[in-house]
Amino acid sequence: MKSWIEIPENSDFPLENLPFGIAEVVPGKINAVSRIGDYAVDLEKLEWFHVFDDLEFNFEGVFSHSTLNAFIEMGHEAHLAVRKKLQQVFDADYFKDDDDDLFVSIQAFGLHRIENVTMLMPVKVTDYTDFYSSIEHATNVGMMFRDPANALLPNWRHLPVGYHGRASSIVVSGTNIHRPKGQTMPAGAERPEFGPTKMFDFELEMAFVVGRETELGDSVKAYEAEDYIFGFLLFNDLSARDIQSWEYVPLGPFLSKNFGSVVSPWIVTLDALEPFRVQGPEQDPQVLPYLKTEGLRNFDINLDVFIQPENESENLVCRSNFRHMYWNICQQLAHHTVNGCNITIGDLYASGTISGPDPGSYGSMLELTWRGSKPISLSDGSERKFINDNDTLIIRGYAEKDGLRIGFGDCVTKVLPANPY
Ligand code: CA
């Protein structure tokens, strides 16, 4: 597809992507946007210009909210209609005439250079669950913390392990996070200590946003689970490893995970990711019938993590891929609801750390440095076992095939020194 908007080579945002987000488009004015190349497409303005009037949905006011929840609630047919309308209006051949009124209006008011807008949290996150669905990650962690010979716990290959997380501290890319303080139990000590974490880590993850609700008591079947998913984001599940290893027994992570998780600002729809479907890893032993899926349920999405020290250049420290996930999104949602747990529009479900098979593809510092025993060298000559104050963490993700590239934009956060207690 060619657009009359110039799209830079290797852009994450061709006309086939059309992600959805929320932006402060001018100071004090917040509304829904899409993106083409280096422009935010102002959906509220396009609605005012009657672009969506001939669709069978009433979008009046829907794009004026400060979150996408109301738009998401309209359902997949409505999302698809907006997507097709944008692909039509921004197609290179749509405006035959340079002084067409709509063309002039869109150019004057409907497009904002991306550097002139501030991207905001795209959804009100109603509930948040974090899975643990990468077999490489679960194996690595099991080897480090438990028994190298029996790294995976007996349940792991039978169900997508997860835990309920905290929605209040999920923030958009560009939000900086203070080093958390908490209790740790240093090796050999008799009593716990209190202070800033010494093992600040990232977790490379992706998350999906739920687009359709269920009633309490209902279960989403694995074969229909994608109908309940609006789209994907990049997700950085910041973690404090020393706090985690002391607090997690027996109920799992708590304060080591809920001090800030960062999402990319654009929600990329399943429609945009259609061309990048791939077969997931073979599951052995066979899963129970309610977890069985058919067809291509994984997605080939390249995922890179960079560390950028203050005033220095970016260092690529991890190159992984979403295709490695052992448990797919359909299995995750089917499992989550099999007991009758209801889900809501705006729920966020994170994948768990996405590690690949080779050491350069491990999705956390814990694994990359093998719990600090193999530090990573950076281009400025410094070393990292974990993340230092004033380091910036950047996750980028994109799918690429036959000349088509669909990306997510950056998921960025800077680690600030701990606040005084
Ligand atoms: Ca996690």
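The values are calculated or read from the model by the stated rules, or taken from the named source; none is laboratory data. Quick caveat: nothing in here was measured; it's all calculated off a predicted structure. As a convention, Cβ positions derive from the backbone with ideal geometry for all residues, glycine included, and neighbour counts pool all protein chains shown. Areas reflect the complete protein model, heavy atoms only, side chains present, ligands, DNA and RNA absent. Shrake-Rupley method; radii C 1.70, N 1.55, O 1.52, S 1.80 Å.
Filter the range 260-293 down to the residues that are assigned to a loop (DSSP other than H, G, I, E, B) and without any contact (Cβ under 8 Å) to a residue 24 or more places away in the chain, then identify the one that is least open to solvent (accessible area, probe 1.4 Å).
That would be Q279.
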Next on the checklist: For the range 305-312, check the following and say yes or no: at least one residue is touching a helix residue (DSSP H, G or I) at 6+ places or on another chain (Cβ under 6 Å), at pLDDT 95 or above and either over 28 Å from I72 (Cα atoms) or away from the ligand (no atom under 16 Å from the Cβ) (or both).
Outcome noted: no
Checklist outcome for this item: For helices (runs of 4 or more DSSP H) lying entirely in the range 39-152, having 1 or more residues that are β-branched (V, I, T), more than 16 Å from the ligand (Cβ to nearest atom) and buried (at least 19 other Cβ atoms within 10 Å of the Cβ) picks out 69-73, 76-89
Item to check | Near pairs, Cβ below 8 angstrom, 6+ apart or cross-chain, from the range 238-259 (of a type in the set (G, A, S) and open to solvent by 20 Å² or more (accessible area, probe 1.4 Å)) to any residue that is modelled with pLDDT of 95 or more and part of a loop (DSSP other than H, G, I, E, B) | outcome: S245/M185
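Of the residues T337, T344, T369, which single one is of a type outside the set (G, A, S), over 30 Å from E215 (Cα atoms) and more than 16 Å from the ligand (Cβ to nearest atom)?
T369
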Next on the checklist: With the requirement that a residue be in contact with a Leu (Cβ under 8 Å, 6 or more places away or on another chain), more than 23 Å from K401 (Cα to Cα) and of a type in the set (V, I, T), what does the range 288-307 give you?
Outcome noted: I307
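One line per residue, one yes/no per condition, for (1) farther than 28 Å from P154 by Cβ; (2) touching a Gly at 6+ places or on another chain (Cβ under 7 Å):
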| residue | (1), (2) |
| --- | --- |
| Q244 | no, no |
| G252 | no, no |
| G260 | yes, no |
| T269 | yes, yes |
| V278 | yes, no |
| P285 | no, no |
| T293 | no, no |
| L296 | yes, no |
Checklist entry - Among the residues of the range 163-179, is any closer than 24 Å to N342 by Cα, free of Cβ contacts under 8 Å to residues at least 40 places away in the same chain and touching a strand residue (DSSP E or B) at 6+ places or on another chain (Cβ under 8 Å)? => result yes
Checklist entry - So A399 fits all but one of (1) within 24 Å of E310 (Cβ to Cβ); (2) more than 16 Å from the ligand (Cβ to nearest atom); (3) of a type outside the set (S, T, Y); what number is the exception? => result (1)
Checklist entry - Among R157, R191, which is open to solvent by 30 Å² or more (accessible area, probe 1.4 Å), away from the ligand (no atom under 16 Å from the Cβ), within 30 Å of N419 (Cα to Cα) and of a type in the set (K, R)? => result R191
Item to check | Positions within the range 153-168 being outside any strand (DSSP E or B), touching a Leu at 6+ places or on another chain (Cβ under 9 Å), of a type outside the set (A, V, I, L, M, F, W, C) and within 24 Å of N236 (Cβ to Cβ), in sequence order | outcome: P160, G165
Next on the checklist: Could you check the range 349-408 and list, in sequence order, the residues that are hydrophobic (A, V, I, L, M, F, W, C) and assigned to a loop (DSSP other than H, G, I, E, B)?
Outcome noted: I354, W370, L378, F386, I387
Checklist entry - Which of the residues that make up the range 198-216 are buried (at least 23 other Cβ atoms within 10 Å of the Cβ) and under 26 Å from I394 (Cα atoms)? => result F200, D201, F202, E203, L204, E205, M206, A207, F208, V209, V210
Checklist outcome for this item: Of the residues in the range 211-234 that are in a strand (DSSP E or B) and touching a Gly at 6+ places or on another chain (Cβ under 7 Å), the one that is farthest from the ligand (Cβ to nearest atom) is F230
Checklist outcome for this item: Scanning the range 235-253 for residues that are more than 26 Å from L291 (Cβ to Cβ) and within 13 Å of the ligand (Cβ to nearest atom) gives N236, L238, S239, A240, R241, Q244
